[in-house]
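Participant: Can you keep this structure in mind? I'll have questions shortly.
The values are calculated or read from the model by the stated rules, or taken from the named source; none is laboratory data. Computed from a prediction, not measured in an experiment: that's the story for all the values here. Methodologically, a virtual Cβ is constructed for each residue, glycine included, from the backbone with ideal geometry; neighbour enumeration extends over all protein chains shown. We work out accessible area using only protein heavy atoms, side chains counted, and drop any ligands, DNA or RNA first. Shrake-Rupley method; radii C 1.70, N 1.55, O 1.52, S 1.80 Å.
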Amino acid sequence: MRLRYALFLSSMLAGGAGAEGIAQRPEVVAFIHDMKVRHRFDPAMLERLFAGVEIQEGILAAMARPAEAKPWYQYRKLFVTEARILGGVEFWRQHAETLSQVQRRYGVPAETIVAIVGVETLYGRNTGGFRVIDALATLAFAYPRRADFFRSELEQFLLLCREEGLDAAALKGSYAGAMGWPQFMPSSFRNYATDLDGDGRRDIWSNPADAIGSIGNYFARFGWRTGEEVAVRATAREGDYAPYLGKDLKPASTLAELRRLGIEPELPLPDASPVKLLRFELEAGPEYWLGLENFFVISRYNHSALYSMAVYQLGRAIATRKGG
């Protein structure tokens, strides 16, 4: 721990030398003061770090065009692709022992973990090119719509760098500040990242075992139900389903309730099953699904029905191609 803290101090002292950043902005000054009071950070070190941070217009532009704004038939083509399916089969082959270990420990199927890595980073090949400190500071201080969330994540990032002995000025990730193979936000790292191989570090950047274990732990902690389905395709007669199609993905209706409206699952489910009615736009018209509790658990990774369905369908395609 002393070595990690020494490395963190060294990186903070070196950060931002010679640059003109946002350290003197009132909101940043207030943030630095808060970090001093609440977490005993040295304000001079934080000032040096933020002196090298500038608001990144490219990050703000990326936030304005999320993939989740696309219709399903376009979104699906981004993630459920032949390249990702083949990549997933190969990733599974390379890490079969670790995936089996994690499945036994956490109850989360290998196909779901593989699909997360495939959707998030193309199996570790694209973990993001933005400095995490730039991304989080830009969104914390120049993105009012979600400033509170990103200020909290910036706080969590500085804490994890201190705890793990990481260079806060060097770590890279997505334009939203997500990191490593599983693209964890800093709060997710601190709460759910695991040292699966027992080497004393939680390394989601270059250690596949820790990345795989961390995803398994994440879903287990959010209530993954081992052996249960994720989603079931359904047929629907014409009707007004708007009251059941809200953005909240928590299963809050029973199958019996939806059956009375003309919804029928294509696989047998008990009438008492809690379900969430989902509608996805295809080029030929809408497609209906019933999301179960595990679908909701996947959505804790990204609060989007499109995202959860892409993970589910990619995982199923990988397992089918692999022969699982």
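Participant: Only loop residues by DSSP count here, and only those with at most 10 other Cβ atoms within 10 Å; note down the GluC sites (Glu not before Pro) in segment 255-308 that meet that.
Facilitator: GLU283
Participant: Using a Förster distance of 45 angstrom, determine the FRET efficiency expected from the C-beta separation of LEU282 and SER152, and round it to 0.05.
Facilitator: Once the sixth-power term is evaluated, E becomes 0.75.
Participant: If the reach is capped at under 22 angstrom between alpha carbons, list the lysines near LYS322, excluding any in the same chain fewer than eight residues apart.
Facilitator: Within the straight-line cut-off, LYS322 pairs with LYS77.
Participant: Only loop residues by DSSP count here, and only those with at most 15 other Cβ atoms within 10 Å; note down the GluC sites (Glu not before Pro) in segment 31-62 that meet that.
Facilitator: GLU54
Participant: Okay, moving on. So what's the back-of-envelope 222 nm ellipticity for the chain, counting only DSSP H runs of four-plus at -39500 (n - 2.57) apiece and dividing by all residues, rounded to 500?
Facilitator: Theoretical 222 nm ellipticity from helices: -15500 deg cm²/dmol.
Participant: Can you give the extra length, in nm with one decimal, that the chain gains between ALA62 and GLN24 once fully stretched, where that is 0.36 nm per residue apart less the Cα-Cα distance?
Facilitator: 11.1 nm
Participant: Now for a separate question. Could you check which residue among ALA30, ALA231, ALA51 shows the biggest mean-square fluctuation in a GNM of the chain with a 10 Å Cα cutoff?
Facilitator: ALA30
Participant: By accessible area of protein heavy atoms, probe 1.4 Å, what ranking do PHE157, PHE130 get, highest first?
Facilitator: PHE130, PHE157
Participant: Compare ARG221, ARG40, ARG300 in a GNM of the chain, Cα atoms joined below 10 Å, and give the one with the largest fluctuation.
Facilitator: ARG40
Participant: Further question: Rounded to the nearest whole Å², what accessible area per residue is found for the chain with the 1.4 Å probe?
Facilitator: Per residue, the chain has an accessible area of 47 Å².
Participant: Could you please state how large a percent of the accessible area of the chain is carbon and sulfur, counting protein chains only and using a 1.4 Å probe?
Facilitator: Carbon and sulfur atoms account for 50 percent of the accessible area of the chain.
Participant: Next up: About the Cα centre of the chain, how large is the charge dipole given +1 on each Lys and Arg Cβ and -1 on each Asp and Glu Cβ? Please answer in debye to the nearest 20.
Facilitator: Computed about the Cα centre, the dipole is about 200 debye.
Participant: Considering only GLY107, GLY262, GLY180, give the residue with the highest GNM mean-square fluctuation for the chain, with springs between Cα atoms whenever their separation is below 10 Å.
Facilitator: GLY262
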